[in-house]
Every structure is written in C-alpha cells, then in structure tokens.
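Q: Have a look at the structure that comes next, please.
No value in this document is a laboratory result; all are computed from the given coordinates. Computed from a predicted structure; not experimentally measured. Glycine also receives a Cβ, built like all others from the backbone with ideal geometry; neighbour counts cover every protein chain displayed.
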Amino acid sequence: MNALNIAASSDLLTRLVTSRTVVALDDTDFTDVAAVVLTPADARGAILALLARSGFDLPVFLFTDQANTLPEGVLAALSDTEQDAARLEAAASDYEARLLPPFFSTLSKYVAMGNSTFACPGHQHGAFFKKHPAGRQFFEFFGENLFRADMCNADVRLGDLLIHEGSAKQAQKNAARVFNADKTYFVLNGTSAANKVVTNALLTPGDLVLFDRNNHKSNHHGALIQAGATPVYLETARNPFGFIGGIDAHCFNEDYLRRQIASVAPERAAQPRPFRLAVIQLGTYDGTVYSARQVVDTIGHLCDYILFDSAWVGYEQFIPLMADCSPLLLDLKPEDPGIFVTQSVHKQQAGFSQTSQIHKKDNHIRGQARFCLHKRLNNAFMLHASTSPFYPLFAALDINARIHDGEGGRRLWQECVALGIEARKAIFAHCRLLRPFVPPRVEGRPWQDYPTRQVAGDRRFFSFDPADNWHGFEGYEKDEYLVDPCKLLLTTPGIDAQTGQYTEFGVPAAILAHYLRENGVIPEKADLNSILFLLTPAESPEKMAHLVALLVRFEQHIEQDTPLAEVLPSVVSQHPLRYQGYTLRRLCQEMHALYVRCDIKALQKAMFRQSGLPAVAQSAQQAHIRYIRGEAELVRLSEARGRIAAEGALPYPPGVLCVVPGEVWDGAALRYFLALEEGINLLPGFSPELQGVYSETGADGRTRLYGYMLPG
C-alpha cells in the first residue's frame, strides 16, 4: 500500500524535509495523512478542534523554533533539522503501524509478499482469468489486489476463520471490544446465517421460543424449521401507510405470555423461565427501534437468552440519542438473560454485502446451566460457514470495527444524524405532498423549526406518543419505541393521518420509487404509501440535495399531470398498449383505487394481529419435512382456503413471513396475496417479488398465483 501523506500549513509545503507527499490542510479530509504539521498561526485557528473531533488520533506537530508551551493536541515542536525530520517520519510510521486492525494488517502484508501458490483458489491470483478476453475484463474491472487477497487457508499465517486462531481471532476480539460484547463472531454469508447459528446453538425440538411475528424469515428457518422449537408469537403493528411497527405493549405482560404458553405447551406455563430464547427485531425494517432495557426488564426473567436481531440497526450505541436502544450497553446481572445480537454490517455499517456479525454478551450467566459455551456456539457456527471463506469479506468486518472505534465512530454517526435532520427540514420546506415520518409538532412548535443540534440530542423529536395520530400505530406505550433517525421515512398522499382512512386521491409509493430509479436514485423499499431511504455516514449534503430536488420534481409532475411516458419511460416502453395515453395522476389513481377496493392497509395490519394469525395445523418443521418428502401439491391460491402451507410465503422486501409452513391458508393472509395477484394483472410493471408463492401466466395472458399445499 502507498505511504500516507503529511498534511501541513500552506506556508510549510516546501519547507518540510520528508520523502512523503506533503498536502495542504485544505486539500485533505485527513483520512490519507499520517501526521499534521502546523504553523503557530494555524494552530491558533480551528484546525486543532477539527482534528480532535475527527477521532483519528493523528500526531500533530508545531513548526517553530520558539515553542515554550505547546497548544493542547500538539505532540511536539518541529523545525527543518534532519533530527526533526526523523522525528516526523517516526511519528508517521508509528501512526501507520497503529492504523490498521489485526486481520487486514496481516492480510495486506501477506499479499505484498507475492507468494507463488499451488493451493486454492484455482484462479491463482487472477492469472487463470487473464487467459481469456472475458476473464481479463473481469480481472481489470475488480483490480489485482482483490484476486491476490482471495486465497486459501492452506497457509496458516493468516490464522483460522473457523476455529478462530491468529489474526482472525484478534480481529474478532477487537470487534467485541469496540461493540461492547463478550465475544464477537464474523459471519460471511449474511445475518440470515448469523440468525441460524444462534438459533441452532440454543434451540432443540420442543423448546419454547418467544417469537416476534416481524422476524426475518431466517429466524423461522433456524428456530422453527431447523431446530424444531415451538413458537409463542408476539403480535406486531402495521400502520395505514404500510410501515412495519413494533410489538404491542401488552405482549410484554407476563400474565398474557403465560396464557399464550398455556395454549401451546400447558405443562410449561408455570415454569420460572419457560422460554429458552426470545427472538426480537431490535429495529424493524421501517425504523421502529425498541428500548433494549425495557425489553430485558419486562420479559428477561422469562427467558434464558434474548436474540436481538439487529440487521437493520447495529449503530445505535454510537448515537447518544439511541443509547437506551442498545442491548450491548446494558449492565446485566446474573438473573438477567444472556444476550445475542446479530448485525447486518453490510446494511448500514461499513461492510461488503453478506458481511454480518454475532455479538455474544453472557458472561454474567457463566457457570449457570443455561449458559451457552463458546464451543457449542462454534459448532453451530461451523454448520453454516464455508470452509473456503472469502478473505476480503472478513477483512471488511475487521475494518468496520476499526472505523467505529472511539470518538471517530461516534462522530461519523452524529454527522449522519444531523444530515438526516437537515434533509427532513429541506423536504418540509420544499415538498407539499411528501412528508417526513416524524412528529409534526413538538411542544406545539413545528418539528423543522428547532435547531438541528437540539433535534439530534432529544428523543422527543423521534418518539412515538400513543396519544398522537400522526404515526397511525396502535398498541404502543409512551417512550416504548423510537423512530430511527438514520432511516429517512416519507409518506405519500392517500392516507388521512388524523383518521387513518383513505383519501379520495392517492400516490402509491411504488410509483415514486419507480420514478426515482428512472432518475438514478435507488430507495431501499417502498410499500403502500411509505418509502424508505437508508442513511449512513457515506451520505453527503450534495447527495441529499439531489434527492430532495427529485422529490420536488416528482411533486411537480403530480401537480401538472405529466404524461406517463415522460415520467416512467421504462414502464411505458415495456407495456406500451397497457399505458397508452396515460398520465401520472391516472396511474396513481388506478393503483390507489386498487388499495381502497381491497383495503390493503387493513389486510396488512390484520395479518400480524393475534386475531388474524393463520391457524397452526402442524409445526413448521413437520410441514417442511413433508414438503421435502414430496407430499405437497401445487395449488392455485384462489382454491387454497383451508389448505396447509408447505412453504413460508412472503413479499420481498421485507422478508417477513405472512404464512409460516404448517399454517392454514385463510383469512387476511390469503386475501392479501389474492389482492397482490389482482394488482399484478391490473398494473403490469409494478409486480412485487414473492417467495414461497409462484406465478404462472396462462394462455389468456392472466397471471395466477400458486403455492405448495399439504394434505390435512
């Protein structure tokens, strides 16, 4: 790797004696420098405070011959002598040596050795790819270092990623320190695998698992299908806009939970700790974040362990506003549950796709019978890990921990929160139809009128008050949940926020999402009258301004009723006859009318209420086994009422099962999927991705949905 630069005051650019490149203070963000040299004049300005806020811990020198007292933050004085040049180089070299975390440091040094290999992988540092024109294009697209870093575990110098030795172990220990865990495990095939590791390490057939109905499908796979545990479901909220909310407050009541246990395992209803595990989404896809302290205080004594699936968060402990949400900052006692936290690092932290990590925080119950030993967890870890790991993924997790270490990580997330607040203010100021999903008023004053710094530090600006109508969620208690400040959530016209009822005209968010993609901006998710944009420290004011400008332009298209071919040219070109002569408002109104006719918002809500959950005919594991044995048949959904699901069914995103294997197709879930079928046929170009449900187009051109069903 290239040596880092020296940053210096402009008067010093030609005076420093160094073999490194010297850059001006104004030409660097200090991520590419190993030391800073200032004139006394610059040191009296704001630069030292800026360097302190960066959290980079750079060595800073004052260039002077008359340094009696050095300013705070300055390491030493320098002049243009050879001795001082050596001191500068020593400090820069020391910084470089401290900068890189354990695994990536070892990996980069190993790659630089240029060893000749006769081991896996067969592309041999990319040489095989370069034997063919297409392979050469592939090689040049990604760059040589990626291929050199893709290596085999035949050389032990990099440690072992499966049994956690060497620099790999040191990297995970460092991540555990940064994230306040007792142990951390890097997972290279996503939090889908991380959740299965934890559930497979803790659960066996017949164990009770307290199960958030919002859980990602991977938790169903691990806890219910693979482990064979018995679920006690927690009903969850949906609001009229289509946002995924949290668990109802009454579900955390012990008497209520024991009544639920009595209905599925009466012999366990009176046990002191009836649940081997609770699986809770710490933050929903749509930014409803729990207080971890509240969860542990209310249900912790009933559970051996709690798994907080934090796929959609993971950064909460670095944001003071969200500190109470973090399970890893809890002070836990021997009577508390053990804690597991799984994080999708690739979602909003700094990681390649598929990077995930498991945090284990259970030293407070070590020695108790319920304690999960490292060896037992690692056995489950190896069940789901490849013996041929991709080292760049592991290195990215190592670097992610380094980025979040200390003040630097907290600064990055505070800046992200502030930028998100400024973006919401801009939308409030410039948009009339699209509204940020935050309390419209706080203490009688508009949300956007408060100083950004105050908003960023006060939970009131992101809290769900059950007495308010703006959020549309029911069943919450005060201060139970928080809107994630790093999820930019917007609502579109179509729902009266005060009543939760449909309005005469609506703008489904799917149409806005298509428009944004047509213009090179990719939202994370859109559903009904809600749209989600993920915010990370990667964002910039320019990027956010571009988004706001597109939102304003979309509103102008709505108001002007622009021809659809100008707004969504890709959709019209794919379906020219269907949308011939359409305007944007006409499309919006037809999709909105479908929502109203099917009452989609009510179906979404009902699917996750206790009264609307499908009846359970057999366990998910039993249904899956029967499906694998070939006992299922493909049945059209319109004829599936009363049939037992062989597969879980869901729209993706969000990846939350509406019907679990072994449940009976009926009620709200069946009507919901039939409404999706109607929408697929009515509005081509806007079809959702469905899993566990299959679409087939008949000779009449109509698409029909099917699912695999089991005989009773």
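Q: Looking only at Cβ-Cβ distances, which cysteines of the chain have no other cysteine closer than 4.7 Å?
A: Isolated Cys, the chain: C251, C303, C325, C372, C416, C431, C486, C588, C598, C658.
Q: Apply the Karplus parameterisation 6.51 cos²θ - 1.76 cosθ + 1.60, with θ equal to phi minus 60°, to every residue of segment 2-10 and state each ³J(HN,Hα) to the nearest whole Hz, in sequence, with x for glycine and proline.
A: 6, 5, 6, 7, 10, 9, 8, 4, 4
Q: Alpha carbon centre of segment 676-712 versus segment 159-208: separation in Å?
A: Here the answer is 39 Å between Cα centres.
Q: Here's something else I'd like to know. Given the rule -39500 (n - 2.57) for each run of at least 4 DSSP H residues, summed and divided by the residues of the chain, what is its mean residue ellipticity at 222 nm, to the nearest 500 deg cm²/dmol?
A: Values: 23 runs with 250 residues, N = 712.
My calculation for the chain gives -10500 deg cm²/dmol from helical runs alone.
Q: Now a separate question. What does the charge count around A646 come to, taking other residues whose C-beta lies under 11 Å from its C-beta (Lys +1, Arg +1, Asp -1, Glu -1)?
A: Details: positive: R626, R629, R643; negative: E631, E633, E647, E663.
With Lys, Arg at +1 and Asp, Glu at -1, the net is -1.
Q: Using +1 at the Cβ of each Lys and Arg and -1 at the Cβ of each Asp and Glu in the chain, identify which of S108, A593, A426 lies farthest towards the dipole's positive end.
A: Comparing the listed Cα positions along the dipole, A593 ranks first.
Q: What do you get for chymotrypsin sites (Phe, Trp or Tyr not before Pro) in segment 45-122 restricted to DSSP loop and a cutoff of at most 15 other Cβ within 10 Å of the site's Cβ?
A: F118
Q: Once each part is reduced to its C-alpha centroid, what is the distance from segment 53-111 to segment 624-651 in angstrom?
A: One Cα centre to the other: 64 Å.
Q: Set the bar at 20 Å for Cα to Cα. Now go through K183/K333; K183/K375; K196/K360; K109/K183; K347/K543 and name every pair that lies beyond it.
A: On the way: K183/K333 17 Å; K183/K375 12 Å; K196/K360 14 Å; K109/K183 26 Å; K347/K543 18 Å.
From the list (K183/K333; K183/K375; K196/K360; K109/K183; K347/K543), the Cα-Cα distance tops 20 Å for K109/K183.
Q: Please give me, ordered by residue number, the GluC sites (Glu not before Pro) of segment 421-502 that lie in loop per DSSP and have at most 12 other Cβ atoms within 10 Å.
A: Values: sites: E422, E443, E474, E477, E480; in loops: E443, E474, E477, E480.
The qualifying sites are E443.
Q: Quick one: putting +1 on the C-beta of Lys and Arg, -1 on the C-beta of Asp and Glu, what dipole do you get for the chain around its Cα centre, in Debye to the nearest 20? The partial results should precede the final answer.
A: On the way: 67 positive and 78 negative charges, 324 e Å.
Once rounded to the nearest 20, the dipole reads 1560 debye.
Q: Of (i) 45, 33, 28; (ii) 76, 33, 26; (iii) 47, 35, 20, which is the value of semi-axes √(5λ) of the Cα gyration tensor in Å derived from the coordinates here?
A: (i)
Q: Got a sec to turn the phi values of segment 263-273 into Karplus ³J(HN,Hα) couplings, 6.51 cos²θ - 1.76 cosθ + 1.60 with θ = phi - 60°, whole Hz, x for Gly and Pro?
A: So the J values, rounded to whole Hz, are 7, 10, 8, x, 5, 9, 4, 9, 5, x, 10.
Q: Ranked highest first by the average count of other Cβ atoms within 10 Å around their residues, in what order do 667-673, 551-557 fall?
A: Numbers: 667-673: 21.6, 551-557: 17.3.
Ranked from most to least packed, the peptides come out as 667-673, 551-557.
Q: Could the peptides 482-488, 244-250 be put in order, highest first, of the mean number of other beta-carbon atoms found within 10 Å of their residues? Walk me through the numbers before you get to the answer.
A: Numbers: 482-488: 25.1, 244-250: 21.9.
Highest mean packing first, the order is 482-488, 244-250.
Q: Would you mind counting up the charge near A606? Only other residues with Cβ under 15 Å from its Cβ, with Lys and Arg at +1 and Asp and Glu at -1.
A: Working: positive: R213, R238, K601, K605, R609, R671; negative: E235, D248, E474, D599, E663, D666.
Net of charged neighbours comes to 0.
Q: Separate question: Relative contact order of the chain: what whole-number percent is it, with Cα pairs under 8 angstrom and at least 6 residues apart? Provide the component values of the computation, followed by the final result.
A: Working: 1328 pairs, mean separation 75.8, N = 712.
Relative CO of the chain lands at 11 percent.
Q: Do any trypsin sites (Lys or Arg not before Pro) in segment 361-451 lie in a loop, going by DSSP, with at most 16 other beta-carbon atoms within 10 Å of their beta carbon, and if so which? Don't skip to the answer; put the middle values down first.
A: Values: sites: K361, R366, R370, K375, R376, R402, R410, R411, R424, K425, R432, R441; in loops: R366, R370, R432.
Answer by residue number: R366, R370, R432.
Q: Sticking with this structure for a sec: What aspartates and glutamates could a cross-link reach from K605, if we take a straight Cα to Cα line under 16 Å and drop same-chain neighbours fewer than 8 places away?
A: Cα-Cα hits under 16 Å: D212, E235, D248, D286, E474, D527, D666.
Q: Quick query: amide H of E477 versus all other amide H atoms, modeled in the peptide plane; which residues come in under 5 Å with a sequence gap of 5 or more or a different chain?
A: The list, which skips near neighbours in sequence, is A249.
Q: While we're on this one: Taking H placed 1.01 Å from N in the peptide plane, check which residues at least 5 places from A278 or on another chain put their amide H under 5 Å from its amide H.
A: So A278 has HN proximity to L210, Y305, I306, L307.
Q: Using amide H atoms built in the peptide plane, which far-off residues or other-chain residues are under 5 Å from N5 H to H?
A: Hits under the 5 Å cutoff: V33, A34.
Q: Taking the Cβ of P688 as the centre, find all other residues whose Cβ is under 14 Å away and add up their charges (Lys, Arg: +1; Asp, Glu: -1). The partial results should precede the final answer.
A: Details: positive: K525; negative: D527, E677, E678, E689.
The answer is -3.
Q: List, in order, the whole-Hz ³J(HN,Hα) value for each residue of segment 111-116 obtained from phi through the Karplus relation with A = 6.51, B = -1.76, C = 1.60 and θ = phi - 60°; use x for Gly and Pro.
A: With coefficients 6.51, -1.76 and 1.60, one gets 4, 5, 5, x, 4, 8 Hz.
Q: Now a separate question. What do you get for the angle between helix 584-598 and the principal long axis of the chain? Use alpha-carbon atoms, 0 to 90 degrees, nearest ten.
A: Rounded to the nearest ten degrees, it is 50.
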